[in-house]
Amino acid sequence: MDQEEGLKAVDNIVTQFNTYEDFLDSQITTVDLYYLEDETLARQLVELGHRGTGERVKREDFEARKAAIEIARLAERAQKKTLTSAGKDLQDNFLMALAMREEDNRNGKLSSVIFIRDRNSHGQEISGYIDYAHRLKTEDFEVYFSGKKRLLPRPTDMSFYNWDTNIAVCNSSPNYQVIADNPEGLLFKFKRDRKILNVDPKAQPGDNSTRIPIPTELYIQAVIFDHISRRKI
């Protein structure tokens, strides 16, 4: 049995039994108890590998894997609790699209870039590209999913342009490097796998990436680019 198979065997045992003593008891036969006449001694013999009807697992291995599985379970539960879209009555396609991607952007399975074109509070037309995962980490999206505020691009996002003042700003994010000097248009390089995301609507978005226009009543235009990294986190 190789190491991977061994870990799977231990995990199966750990999930099947609540305590190490329960696992030892499962290895003890009625014949063992008849001859030994001592449950504690029977457990000790199983633990030492002298008796038993199945796989031998050391106490420290059992307890270590039990703790690891419990930590993973609590982390998963905590992750689900942090989803600000959970339980919200989302009516617009854009908010629904963000909600569908929230968990995967938080845990790194997916990296979404949001393009929004609309008017700001001064009536000026603005547009820009937002690193969704980065924004999720740096602000509370409760106000967006609850409808209290609209998500709009800012000068601190990956790309921002004010069509009335002609102010243009580009910033690399923790996830993307901005390539602004490309003659064919704006490009983003995903830092984890170094794949290029092309946001030109006339071009292919790139390897492992998709471009999805979102019909919405909240904005003049909204598009979401999804990128799946092949590199392990």
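The values are calculated or read from the model by the stated rules, or taken from the named source; none is laboratory data. Since the model is a prediction, treat every value here as computed from it, not as a measurement. Here the Cβ positions follow ideal geometry from the backbone for every residue, glycine too, while neighbour counts run over all protein chains shown. Keep in mind that these areas ignore ligands, DNA and RNA; they rest on the heavy atoms of the full protein, side chains included. Shrake-Rupley method; radii C 1.70, N 1.55, O 1.52, S 1.80 Å.
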Report Rg/Rh for the stretch 118-189, rounded to two decimals, where Rg is the Cα radius of gyration and Rh the Kirkwood radius. 1.00
Is there a pair in LYS88/LYS137; LYS109/LYS189; LYS137/LYS195; LYS137/LYS189; LYS148/LYS191; LYS109/LYS191 whose C-alpha atoms are over 26 Å apart, and which pairs would that be? LYS148/LYS191
For the stretch 93-228, alpha-carbon Rg relative to the globular expectation (2.2 N^0.38 Å, N residues): 0.99
Dipole magnitude of the stretch 93-228 about its Cα centre, charges +1 at Lys/Arg Cβ and -1 at Asp/Glu Cβ only, in debye to the nearest 20? 200
What distance in nm lies between label points placed 7 Å from Cα along the C-beta direction at GLU60 and ALA180? 5.6
Can you quote the Å³ per residue value for the convex hull of the Cα atoms in the stretch 181-220, rounded to an integer? 111
Taking H as built 1.01 Å from N, whose amide H comes closer than 5 Å to the amide H of SER229, not counting residues under 5 places away? SER111
Leaving out ligands, DNA and RNA, and with a 1.4 Å probe, what % of the accessible surface on the stretch 108-193 is carbon or sulfur? 49
Those residues of the stretch 212-231 whose amide nitrogen sits under 11 Å from the label point placed on ARG192, 7 Å along Cα→Cβ: 227-231
Interchain or long-range residues, amide H under 5 Å from GLN221's placed H: ARG117
